[in-house]
Amino acid sequence: MRPFEFTRAESAADAMRLAGDGATIIAGGTNLLDLMKLEVMAPQALVDINRLDLGDIDEAEGGGLRIGALVRNSDLAADRRVRDAYPMLAEALLAGASGQLRNKATTGGNLLQRTRCYYYYDTAMPCNKREPGSGCQAIGGITRLHALFGASEHCIATHPSDMAVALRALDARVEIQSQDGVTRMLPLGDFYRLPGDTPHIETVLVPGDLITAVLLPAPAGARQTYRKVRDRASYAFALVSVAGVLDVEDGRIVRPALAFGGVGHMPWRNPEVEALLEGEAPSVDLFAEAAARLVAEAEPQGGNAFKIPLLRRTLQAVLRELTEA
Amino acid sequence: MTVHIRMDDRVEADRLEDMAQGVVGKPLDRPDGARKASGTAAYAMDSLPDGACFGVLARATIAAGRLEGVDAAAVEALPGVRAVIVDERMLRNPAQGMAGKAPVQDPHEIAYFGQPVALVVAESFEQARHGAIALVLRLEARAGAVVGPDDAGVEIETPEKKQQSSGDLDAAMREAVFGVDQTYTTPVHASAAMEPHASIAQWDEDRLTLRGSYQMLRFNRAELADALGIDEKNVRILAPFVGGGFGSKLGIAPEAVAAAIAAQRLGVPVAVPMSRQQVFEGVMRRSETTQRIRLAAGADGRLTGIGHEALVSNLPGEKFSEPVTQATPFLYRGENRVIGHRIARVNRTCAGSVRAPGEAVGVTMLEIAMDELAAAAGIDPVELRLRNIPDEDPTQQIPFSSHKLAEALRSGADRFGWDRRRTEPGQVRDGEWLVGMGMASAVRVNMLVEAKARVSLSSDGHALVETDMTDIGTGTYAILTQIAAEMLGLPMDRVETRLGDTDLPPGSGSGGSFGAASNGTAVFMACEEIRRMICERFGCEAHDLTLKDGRAIAGNRSVPLAEILGGEDLVAEGHAEPGDAEDKVRQATYGSYFAEVGVNAVTGETRVRRMLGVFAAGRILNAKTARSQCLGGMTFGIGMALTEEIFHDPRDGHIVNRDFAEYHLPVNADVPQIDVVLLEERDAWANPLQAKGIGELGICGAAAAVVNAIHNATGVRVRDLPATLDKVLEGLERQGG
């Protein structure tokens, strides 16, 4: 760990000013501190935002919830309103990490956790995400964890969050304050970036931006589930996960929203798959067609080819579960 | 006074049976338990002397080549850094178990990616770690490094004395009514002990004291002294508590030698802890194995032939090679046999002992092959094994010392409800889950290793047991205390056991499941001598003496021990050695495993639902710590079956998953209700305690029960461990399921 300066921000303005000057924001620190010990990340300054007033969950106008950026994962998963209206989000949170980590990890920090790519974690390895321009050693290496969708020749990493997958299916938006006083609201699909040739830039945040909240719209559907498939029963990142929400009206699927974890540089969504399901009567054939459509554009790396049948099968099972009476 | 026993023959009397205190065998708590649970037991890094500096090892980042130099000045200029050390006495690899001399030294030659090459010493741990990461190495990579056993140009050794053959296996295979000829693989495993390696070195003139986390102190002391080029009389190693070892701490490792060198150079104590990543790549791995197994059987399932040929790997020059086939020569009948053993020389982290070297992977795969034979022959897997238990060691043609495999199989089947297993795979469904049962035999060779222990009975009726033996979580403190308390007729709280200090009489060390029997025998012998001295003073014959609750009883006399001792202390040393008994009889421990699993029909995920192990290991010295060992072994088995696998990068051989996030040990949610049954047994050939080792028996085939249950649940046969969901899924897809 390299020596660094540490400041506790007393206000959002403080935090944004320091972050604008190059400090890295720390909240729960459950990922950042590990990475600093390994010198995968080596910020010269940290600004601690834990004293900011961002720790509440409030009901938003017109339904929905406004989740403060500092709401701990454990508290979010246990919130009665979340459990009642967004059970899939609580499931996703509880499928991640461990009790101790969830007690510390925050909503904003969870969105920004870094990939678990083995090569990113080893400073002896070339990695464009850690050291732009050094190359991607994961390609041609051990690729069990890696992406099927949206990868580039510069990076094939996946985003490890469970929470973010659920949020993407729920059409959540990230509330971002910038130093010039502007507040932006971005859906997750616009918040995250694909790796392209700049895999070290993972979101649209610029220095001085502060995530202040995540906004959940009123729930789109009552039928929700989050299914995570992994190498052991607990404390492992998703090989594949599926967040699904929909309703069935008059025997037909309406407003389906599906997001996928463990397969892309960001929580993945495919509008074609949702369009294919919209308004259709649930059937085994329909689900098979949707799953086939989803994996049609998958680009496996070798070690992760198994994720294609796994994703196909898991999606079909999730659709069966969501449409069963 | 030292009393000696060499195990040349069976012991005549079961002396512990004659004792009156009634503590041996009881499921007693560990005397050290409260200290561990309250955080007051001092592990290696818990005894930092004042003024200690910290050292962190730097790693080579090439698979093979030379270290031409390091850019020391830049790192020495960093805040707090006291020295950058590259010394030809530093270790390239740890010592193998019971080496007793220095392993390969001099980090200038690089044989694997991740090899420790330099030590950065600083005033704080964080400064040292930063220095070690910042240190620029001038490396000269050697072309043609071979990083995998299947790589082009790999050198394969076929050591002549490790090949065995009798009869004609090829003919037996041709004539067999039922046969299996399959190739199985197991991946590289990590020991993954809870406490990472760490050493604190401190010099007083020319005397070195090292606080470390080691299993076999008398060997470690000799290895450390030899590495440093000093007399071992000038080395003291302390390891009173060791947070697990599983073989990774058998031999002295790089951090100990580096700490000693640095402490000497700087004239201050130096602590060198290793990170989890460093332990994974810089200590020991269990070799991957490729095993061709051939089974030939008649119509009744009786084996006529067994072939077991293994390919393992290690660094060039390393003597250890995973003894995959260790139990194959005597587990089952069959007159036509081939045992093969080949070693691929690879530039990968040193391969060494990991819990139950040999049987852990060898018996497991043999037991999967037996399940395949059972399926092919249409014979119940338990019955198939019962039919193939030999009357004597079929290879050496010597008797078994004791043999409870049949009882373990029958008792296990009965307790588990094996008769509810459906023979045809894929018949039981619970929602999305396919449910099946599997079983396997357990077997592990039994060993005795030279050990000494001193027992002192003080005039006030307290006893002290002393040996440099370690307790690596196994229960040594408990069982040595119990043996002395039993033999001397004292309540447990009047016996103290001191371990883990090379100033004490040399014990066997912890390894190979031999610790309890070997050191327990040394304690037993010392106590027998003290009993003899008591008889002299008391004026009675040995067989008339009863010691109980601090009193000596003979005939109608009952006198407090203190009165007999009359202010004098009685001290005796016991010395146990293996002897000809090893050649006269085949000594082994046996058992059976039963597992029920659910396999998700959508995803291929496997969850173990319940598991049973039935074991026989001679006299059980403490029913609680013995059971704990078996639970831990079976948990290892679940990991081996389902999740554990070290990935080596195919290009440079580096260990890719070097932490607990990505090397998947079973977590609590992976481990269901496990039941352990310990069968009543005595083995008079083993030692006077009639106890055998149980520390490793829980893993010697356990994974096979799980993998066989996956087959019973799904019809998918996984021959390459671990049975991760992708492998099961491939089978399910092939079935069209």
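The values are calculated or read from the model by the stated rules, or taken from the named source; none is laboratory data. Model, not experiment: these values are computed from the prediction. Cβ placement follows ideal geometry from the backbone for every residue including glycine, while neighbour counts extend to all protein chains displayed. Each accessible area value is taken on the protein alone, full model and side chains, heavy atoms only, with ligands, DNA and RNA left out. Shrake-Rupley method; radii C 1.70, N 1.55, O 1.52, S 1.80 Å.
For the stretch B:441-488, name all the residues that are of a type in the set (D, E, K, R), closer than 17 Å to B:Glu573 by Cα and open to solvent by 10 Å² or more (accessible area, probe 1.4 Å).
B:Glu450, B:Lys452, B:Arg454, B:Glu466
Somewhere in the stretch B:716-735, is a residue within 14 Å of chain A (Cβ to nearest Cβ), open to solvent by 10 Å² or more (accessible area, probe 1.4 Å) and modelled with pLDDT under 95?
yes
Go through the residues of the stretch B:337-359 one by one and say whether even a single one is assigned to a loop (DSSP other than H, G, I, E, B), small (Gly, Ala, Ser) and open to solvent by 10 Å² or more (accessible area, probe 1.4 Å).
Applying the first criterion (assigned to a loop (DSSP other than H, G, I, E, B)) to the stretch B:337-359 yields B:346-350, B:352-358.
Adding the requirement that they be small (Gly, Ala, Ser) leaves B:352-353, B:356, B:358.
If we keep only those that are open to solvent by 10 Å² or more (accessible area, probe 1.4 Å) too, we end up with B:353.
So far as the stretch B:337-359 goes, yes, one or more of its residues are assigned to a loop (DSSP other than H, G, I, E, B), small (Gly, Ala, Ser) and open to solvent by 10 Å² or more (accessible area, probe 1.4 Å).
Within the stretch A:231-248, does at least one residue satisfy the condition of being open to solvent by 40 Å² or more (accessible area, probe 1.4 Å), among the acidic types (Asp, Glu) and away from chain B (no Cβ under 14 Å)?
no
Being more than 14 Å from chain B (Cβ to nearest Cβ), out of contact with any Ser or Thr (no Cβ under 7 Å at 6 or more places or on another chain) and open to solvent by 30 Å² or more (accessible area, probe 1.4 Å), is that true of even one residue in the stretch A:133-147?
At the first step, the residues of the stretch A:133-147 found to be more than 14 Å from chain B (Cβ to nearest Cβ) are A:133, A:147.
Next cut, out of contact with any Ser or Thr (no Cβ under 7 Å at 6 or more places or on another chain) only: A:133.
Among the residues that remain, those that are also open to solvent by 30 Å² or more (accessible area, probe 1.4 Å) are: A:133.
Yes; the residues of the stretch A:133-147 include at least one that is more than 14 Å from chain B (Cβ to nearest Cβ), out of contact with any Ser or Thr (no Cβ under 7 Å at 6 or more places or on another chain) and open to solvent by 30 Å² or more (accessible area, probe 1.4 Å).
Hey, among A:Ala19, A:Ala27, A:Ala42, A:Ala23, which residue is more than 20 Å from the chain's Cα centre (by Cα) and more than 17 Å from A:His200 (Cα to Cα)?
Values: A:Ala27 fails: more than 20 Å from the chain's Cα centre (by Cα); A:Ala42 fails: more than 17 Å from A:His200 (Cα to Cα); A:Ala23 fails: more than 17 Å from A:His200 (Cα to Cα).
Sole residue among the options that is more than 20 Å from the chain's Cα centre (by Cα) and more than 17 Å from A:His200 (Cα to Cα): A:Ala19.
Right, B:Leu67: touching a Lys or Arg at 6+ places or on another chain (Cβ under 9 Å) and either outside any loop (DSSP other than H, G, I, E, B) or open to solvent by 30 Å² or more (accessible area, probe 1.4 Å) (or both) or not? Give the steps one after another, and end with the answer.
Working: touching a Lys or Arg at 6+ places or on another chain (Cβ under 9 Å): yes; either outside any loop (DSSP other than H, G, I, E, B) or open to solvent by 30 Å² or more (accessible area, probe 1.4 Å) (or both): yes.
When the stated conditions are applied, B:Leu67 passes them.
Step by step: first the residues of the stretch B:104-141, then only those that are of a type in the set (Gly, Ala, Ser) and surrounded by fewer than 22 Cβ atoms within 10 Å (Cβ to Cβ), then the one that is farthest from the other protein chains (Cβ to nearest Cβ). Which residue is that? Give the steps one after another, and end with the answer.
Here is the first cut: in the stretch B:104-141, the ones of a type in the set (Gly, Ala, Ser) are B:111, B:114, B:118, B:122, B:124, B:128, B:131-132, B:134, B:141.
Those left that are additionally surrounded by fewer than 22 Cβ atoms within 10 Å (Cβ to Cβ): B:124, B:134, B:141.
Numbers: B:Ser124: 10, B:Ala134: 8, B:Ala141: 13 Å.
Of everything passing the filter in the stretch B:104-141, B:Ala141 is farthest from the other protein chains (Cβ to nearest Cβ).
Just checking, which of B:Thr2, B:Thr40 is free of Cβ contacts under 8 Å to residues at least 40 places away in the same chain and surrounded by fewer than 19 Cβ atoms within 10 Å (Cβ to Cβ)?
B:Thr40
Taking the options B:Leu490, B:Leu434, B:Leu480, name whichever one is assigned to a strand (DSSP E or B), in contact with a strand residue (DSSP E or B) (Cβ under 7 Å, 6 or more places away or on another chain) and modelled with pLDDT of 95 or more.
On the way: B:Leu490 fails: assigned to a strand (DSSP E or B); B:Leu480 fails: assigned to a strand (DSSP E or B).
B:Leu434 is the lone residue from the list that is assigned to a strand (DSSP E or B), in contact with a strand residue (DSSP E or B) (Cβ under 7 Å, 6 or more places away or on another chain) and modelled with pLDDT of 95 or more.
A quick yes/no check of all residues on (1) outside the structural domain of B:Arg429 (by TED's automatic domain parsing); (2) open to solvent by 10 Å² or more (accessible area, probe 1.4 Å); (3) closer than 30 Å to B:Ala581 by Cβ:
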| residue | (1), (2), (3) |
| --- | --- |
| B:Val676 | no, yes, yes |
| B:Ile694 | no, yes, yes |
| B:Cys700 | no, no, yes |
| B:Ala703 | no, no, no |
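Examine the stretch B:540-548 for a residue that is in contact (Cβ under 8 Å) with a residue 40 or more places away in the chain, under 37 Å from the mean Cα position of the chain (by Cα) and open to solvent by less than 40 Å² (accessible area, probe 1.4 Å), and state whether such a residue exists.
Checking the stretch B:540-548: at least one residue is in contact (Cβ under 8 Å) with a residue 40 or more places away in the chain, under 37 Å from the mean Cα position of the chain (by Cα) and open to solvent by less than 40 Å² (accessible area, probe 1.4 Å).
Looking only at the stretch A:277-321, count how many residues are away from every other protein chain (no Cβ under 14 Å) and either buried (at least 20 other Cβ atoms within 10 Å of the Cβ) or in a loop (DSSP other than H, G, I, E, B) (or both).
Total satisfying the criteria: 12.
Do you know which residues across the stretch A:99-120 are closer than 30 Å to A:Gln301 by Cα and either modelled with pLDDT under 95 or of a type in the set (Lys, Arg) (or both)?
Taking the stretch A:99-120 and keeping what is closer than 30 Å to A:Gln301 by Cα, we get A:109-120.
Listed by number, the residues that qualify are A:Arg114, A:Arg116.
Just one of B:Arg651, B:Arg627, B:Arg610 is over 22 Å from the mean Cα position of the chain (by Cα), surrounded by fewer than 24 Cβ atoms within 10 Å (Cβ to Cβ) and either of a type outside the set (Lys, Arg) or not in a strand (DSSP E or B) (or both); which is it?
Answer to the selection: B:Arg651.
Of all the residues that make up the stretch B:195-223, how many are touching a residue at least 60 places away in the same chain (Cβ under 8 Å) and either surrounded by fewer than 20 Cβ atoms within 10 Å (Cβ to Cβ) or outside any strand (DSSP E or B) (or both)? Break it down stepwise before answering.
In the first step, residues of the stretch B:195-223 are kept if they are touching a residue at least 60 places away in the same chain (Cβ under 8 Å); the result is B:195-203, B:211-223.
Going one step further and asking which of them are either surrounded by fewer than 20 Cβ atoms within 10 Å (Cβ to Cβ) or outside any strand (DSSP E or B) (or both), we end up with B:195-197, B:203, B:213-223.
The total comes to 15.
Yes or no: the stretch B:547-564 includes at least one residue that is part of a strand (DSSP E or B), outside the structural domain of B:Asp493 (by TED's automatic domain parsing) and small (Gly, Ala, Ser).
Start the filter on the stretch B:547-564 by keeping residues that are part of a strand (DSSP E or B), which leaves B:547-548, B:551-554, B:557-560.
This time we only want the ones that are outside the structural domain of B:Asp493 (by TED's automatic domain parsing), so: none.
Within the stretch B:547-564 (the criterion being part of a strand (DSSP E or B), outside the structural domain of B:Asp493 (by TED's automatic domain parsing) and small (Gly, Ala, Ser)), the answer is no, since none of the residues qualifies.
Please work out if B:Pro666 is over 30 Å from B:Ile110 (Cα atoms), open to solvent by 10 Å² or more (accessible area, probe 1.4 Å) and not in a helix (DSSP H, G or I). Step through it out loud before you land on a result.
Numbers: over 30 Å from B:Ile110 (Cα atoms): yes; open to solvent by 10 Å² or more (accessible area, probe 1.4 Å): yes; not in a helix (DSSP H, G or I): yes.
When the stated conditions are applied, B:Pro666 passes them.
Consider B:Ala271 carefully, then state whether it is over 30 Å from B:Ala176 (Cβ atoms), outside the structural domain of B:Met370 (by TED's automatic domain parsing) and modelled with pLDDT of 95 or more. Explain how you work it out, then say what you get.
Values: over 30 Å from B:Ala176 (Cβ atoms): yes; outside the structural domain of B:Met370 (by TED's automatic domain parsing): yes; modelled with pLDDT of 95 or more: yes.
Spelling it out, B:Ala271 is indeed over 30 Å from B:Ala176 (Cβ atoms), outside the structural domain of B:Met370 (by TED's automatic domain parsing) and modelled with pLDDT of 95 or more.
Quick one: in the stretch A:191-230, which of the residues that are open to solvent by 30 Å² or more (accessible area, probe 1.4 Å) and among the β-branched types (Val, Ile, Thr) is nearest to A:Ala305 (Cα to Cα)?
A:Thr198
So the check is Cβ under 7 Å with 6+ separation or different chains; which pairs have a first residue in the stretch B:80-96 that's farther than 16 Å from B:Met284 by Cα and a second one that's assigned to a strand (DSSP E or B) and open to solvent by 40 Å² or more (accessible area, probe 1.4 Å)?
B:Glu88/B:Gln105; B:Arg89/B:Gln105; B:Met90/B:Gln105
All but one of (1) in contact with a strand residue (DSSP E or B) (Cβ under 7 Å, 6 or more places away or on another chain); (2) closer than 27 Å to B:Gly298 by Cα; (3) β-branched (Val, Ile, Thr); (4) open to solvent by less than 10 Å² (accessible area, probe 1.4 Å) hold for B:Thr364; which doesn't?
(1)
Can you confirm whether the stretch B:676-686 contains a residue that is in contact (Cβ under 8 Å) with a residue 24 or more places away in the chain and either within 14 Å of chain A (Cβ to nearest Cβ) or hydroxyl-bearing (Ser, Thr, Tyr) (or both)?
Looking for residues that are in contact (Cβ under 8 Å) with a residue 24 or more places away in the chain and either within 14 Å of chain A (Cβ to nearest Cβ) or hydroxyl-bearing (Ser, Thr, Tyr) (or both), one finds none in the stretch B:676-686, hence no.
Enumerate the helices (runs of 4 or more DSSP H) found wholly within the stretch A:15-92, keeping only those where 1 or more residues are open to solvent by less than 20 Å² (accessible area, probe 1.4 Å) and over 14 Å from A:Asn110 (Cα atoms). Give the derivation first.
Working: elements: A:32-37, A:73-78, A:80-85.
Because the criterion is at least 1 residues that are open to solvent by less than 20 Å² (accessible area, probe 1.4 Å) and over 14 Å from A:Asn110 (Cα atoms), the helices (runs of 4 or more DSSP H) in the stretch A:15-92 that meet it are A:32-37, A:80-85.
For the stretch B:515-537, indicate whether the set of residues that are under 39 Å from the mean Cα position of the chain (by Cα) and open to solvent by 50 Å² or more (accessible area, probe 1.4 Å) is non-empty. Full working, then the answer.
If we filter the stretch B:515-537 for residues that are under 39 Å from the mean Cα position of the chain (by Cα), which is where we start, we get B:515-534.
Remaining after also requiring open to solvent by 50 Å² or more (accessible area, probe 1.4 Å): B:532.
Among the residues of the stretch B:515-537, at least one is under 39 Å from the mean Cα position of the chain (by Cα) and open to solvent by 50 Å² or more (accessible area, probe 1.4 Å), which makes the answer yes.
Does at least one position in the stretch B:602-613 carry a residue that is at negative phi and free of Cβ contacts under 8 Å to residues at least 40 places away in the same chain? Reasoning before the result, please.
To start, the set of residues in the stretch B:602-613 that are at negative phi comprises B:602-603, B:605-613.
After this cut, where a residue has to be free of Cβ contacts under 8 Å to residues at least 40 places away in the same chain as well, the list is none.
Scanning the stretch B:602-613 turns up no residue that is at negative phi and free of Cβ contacts under 8 Å to residues at least 40 places away in the same chain.
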